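Take a look at the structure set out below.
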Amino acid sequence: MAGQSRRIARVLLDSPLPQLDRLFDYALPEELGEVPLGARIRVPLRTAGRVVDGYVVEIGTEDDADRPLSAVESVVSPVAVLPERLYRLARRVADRAAGSASDVLRLVIPKRQVRVEKAWTADSPAPVPGDEQLAQAASILDAYDGLTAVLDERGRAALEAIPALHEGEPGWAALLAASAVRVLAAGRSSVLVVPDHRDLDRLLAALEVLAPAEAVVRYDSRQANPDRYRAFLRSLEEAPCIVVGNRSAVYAPVQAGLVAIWDDGDPLLGEPLAPYANARDAALLRQEPEQSALLFAGHTRTTDVERLVAHGWLQDIRATRRVLPRVILSTPQEMEQPTAQRMPSSAFLSARSAAAEGPVLVQVSRPGFAPSLVCAGCRAPARCAHCGGPLGAKHRGAVPVCGWCGRGARAWACPSCSSVQLRLASSGSERTADELGKAFPGIRVIVADGAHPVERVSAKAALVVATRGAEPLADGGYRAVVLLDGPRMLQAPDLRIGESCLRWWSNAAALAAPGAPVHLVGVDGAVARALATWSQSGYARAELGERAPLHMPPAARVALVEGSAAAVGRALASLAELPLPAGAVLGPVPVESDDVPPRVRALVRFDYAAGSRVATALRAAVVAEAVAGRRGRGRSTRSTLSVRLDILDPEL
C-alpha cells in the first residue's frame, strides 16, 4: 500500500455529543463512485460500535494509504443538502454561541422524503416580476429615503416601518415584500424572517400581490414533512427565490441578496434549543461572507440594533413623510379619580364614540377570566398547595385552578391567615370582555387571545379585547385603540420590559385607522413619552446608555455557565487568562433542583472583542467535561456542564 493514494472524505457527524463536533476523516471506497459534497452518508463510529449519519464537507486524496481509516458505509442520498455556504454559516453560528454545528443544521435540513427527492428536477426557471408588480414595489419603497440604495448596493440598515395599513394589510408586510421583489428583479434571492405564523400569513398575503407565485418559498413548521423538504430543495437551486419563514428560515441555503428580519425584539426569534442562537445574530453572521443587503425592520427598535446604529454599522432609515398615530396618555393621576376604574373617562368616551363607527381594539396583558387570585383576608397571592403555582379562575364562581400543574383547589386555605375566601386580583381578556359588554350594551364583543385566535374582523361596530400580540387585523383599521394594563406589564421582573412594552403598544397602535386615537392608560415616564412622540429609537438609545456602565446586554455579552460546582469551577478557571473586566464573573450560586451532585450557576460578562476567545474557552470546557463523563462510566456518563451565550435577561 506504500506510495499509493486514496480518496478520503471529511465528514461532519450528525450527533449532539460536543466531543464529536469536528470533521472526521473516512476512506471513500471506489465502489461508491462519485460522492457529491454535502451529500448525506452513513459512517461507522468505532468508539460507539454503531453507524451514524453525517454530511460530506470536503473530499480529497492522501498519499498515506497505511493510515488506519474507517470507510464510508453508504450514501444515503446523492442530493447535496449541505452546500458549503450553509456549512460555513452553521459553523460560524455554533462557534459564536459555543455550540455544535450539527445542532444548527438540525434546525434547517428537514428529514429526507424519498418521493419528493425523486420528483425534484432542480431546474426551476428564474421567476421575473411583472411590470405592474415592479411599479407597485417601487411606489412602496419610494416612501423611505435611501432604502433602494441599500437594496441595490447590498448595504445594512435599521428601518422604521410606517405604522399604517397598506390596502388592508399591514404596511410592514408590503414593505418587506416590495424589498424582496426589487432584489428578485436583479436576479438575487431574499430571506424574509418573521416571528410567528400570524406575521407569516400576512407577509404571504402581501407577496401574493407583489411577487410571482413561483418565486415564493415558504419555510413553516406547520407544513407537512414533504412540503418542508420540497421547499428546502427549491432553496438549493440556482434560480432566485423569496424564502419566507420563521426563525429557522434565516439559515435557508440560498445565495442571498437580501436578509430581512421583522420585529427582531420578539422573543420567538430566539431559538429555544441549543445553541440558542437568535435569528438576529445569525443574520449578522450571514451577511458578512455573502455580502447581501441586511434589513432590521420594525415599529420599534431594540437596544441590540441601536448599538449597531450607534457604531455606524447599520444605516438609520426612516420614512420621508412620517404619518404617526395620535397617542393620548391617560396618566396614573387621572386613574386615581373617583370615576375611573380600569378605564378613565376620556378613553371610555372615545371608545364609545368610535364603537358607533367601527371596531375598537382594547389590549390587555393576560388571557383568561382572572389569571391570578389573592386571599380575601390578607391579600397574599393564592398559591397551589402541590406545586406553588399561581391560582386563577376560568370564570366567576369557578373552582380555582393552578396555572402550572392544572390541579383544582377546592379546599384552599391561606397559609398566612387561614382564610378560605379568595378575591379576583386581575382581569384577563375574558373578564374584561364581560365588563365591557355591560358598559357597551348592544355592541358586539370579540375576544382574541391564545385560546380564541381571531385573524381579522370586519368594519362593523365591535369591541375587540385582545392580548398583546394576538390583535386581529380590522378592515380599514381600528377606529380607536385602548391600551390597558400598562402598569401591570411594566412591573414584570425583566431587564427589557420597557422595550417589550413599547413594542407591544407600538404594534397595536399601528393597527389604528388614520387619525384614530390611541389611548395609553395609567402609564407615564420615558416609555409613555416614547410612544406618544413615536421616538422609539431615542428610548433604545437612552436604555443602551444606562446599561453600558453596568456591563449589561447588549452593551456587553453575557454567558451562563451551569453544572456541578466542580465543573463550573473548572470552566471559570479556563477564563482566568482572558482580558475580562473587573467583576466579570457573577456567582456561582446554587440552583434549585434535585440533581446529584447539586448544580450551581454563574454569569460571565465580557466585551464583544473578547467574544471569540470566551466562546472557545467555554466550549473547550464543555467538551472536556463530556469526555471525562464518558470515561468515568462508573460515576456518570452525562456531562455536568452546560453553557449558553448571549443571555438577553441575565438573572441569577
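Taken together, the values in this text are just the output of simple stated rules run on the coordinates, not laboratory data. Here the structure is a predicted model, which means the values were calculated and not measured. Ideal geometry is used to build each Cβ from the backbone, glycine not excepted, and the neighbour counts take in all protein chains shown.
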**Prompt:** What's the extension gain from A205 to E132 if we count 0.36 nm per residue and subtract their Cα-Cα distance?
**Reply:** 24.6 nm
**Asked** Is segment 131-317 best put as rounded, prolate or oblate by its Cα gyration tensor, with a ≥ b ≥ c the root eigenvalues, rounded for a/c under 1.5, and otherwise prolate when a/b is larger than b/c, oblate when not?
**Response** rounded
**Asked** Which entry is the computed Cα extents along the principal axes in Å for this structure: [x] 96, 69, 48; [y] 118, 61, 48; [z] 79, 58, 56?
**Response** [x]
**Asked** If only Cα atoms are counted, what is the Rg of segment 326-546, and what is its Dmax, in Å?
**Response** 18.3, 54
**Item:** Beta bridges by DSSP in segment 326-546, antiparallel share as percent, to the nearest 5
**Value:** 25
**Asked** How would you order 292-305, 527-540 from highest to lowest mean count of nearby Cβ atoms within 10 Å?
**Response** 292-305, 527-540
**Asked** Summing -39500 (n - 2.57) over the DSSP H runs of n ≥ 4 in the chain and dividing by its residue number, what mean residue ellipticity at 222 nm do you reach, to the nearest 500 deg cm²/dmol?
**Response** -9000 deg cm²/dmol
**Request:** Please list 352-361, 66-75 highest first by mean number of surrounding beta-carbon atoms within 10 Å per residue.
**Result:** 352-361, 66-75
**Request:** Quick one: what are the phi-derived ³J(HN,Hα) couplings along segment 461-466, Karplus 6.51/-1.76/1.60 with θ = phi - 60°, whole Hz, x for glycine and proline?
**Result:** 4, 6, 9, 9, 9, 10
**Prompt:** What angle, in degrees between 0 and 90 and rounded to the nearest 10, separates the Cα long axis of helix 345-355 from the longest principal axis of the Cα atoms of the chain?
**Reply:** 80
**Message:** How much of the DSSP bridge set in the chain is antiparallel, in percent, rounded to the nearest 5?
**Reply:** 50
**Prompt:** Peptides 452-462, 476-486: what's the order by average Cβ count within 10 Å, highest mean first?
**Reply:** 476-486, 452-462
**Fill in**
Residue by residue through segment 143-151, the couplings from Karplus 6.51 cos²θ - 1.76 cosθ + 1.60 with θ = phi - 60°, in Hz, x for Gly and Pro, are 6, 10, 6, x, 5, 4, 5, 4, 5
**Message:** Please arrange M552, M489 by how many other C-beta atoms lie within 10 Å of their C-beta, fewest to most.
**Reply:** M552, M489
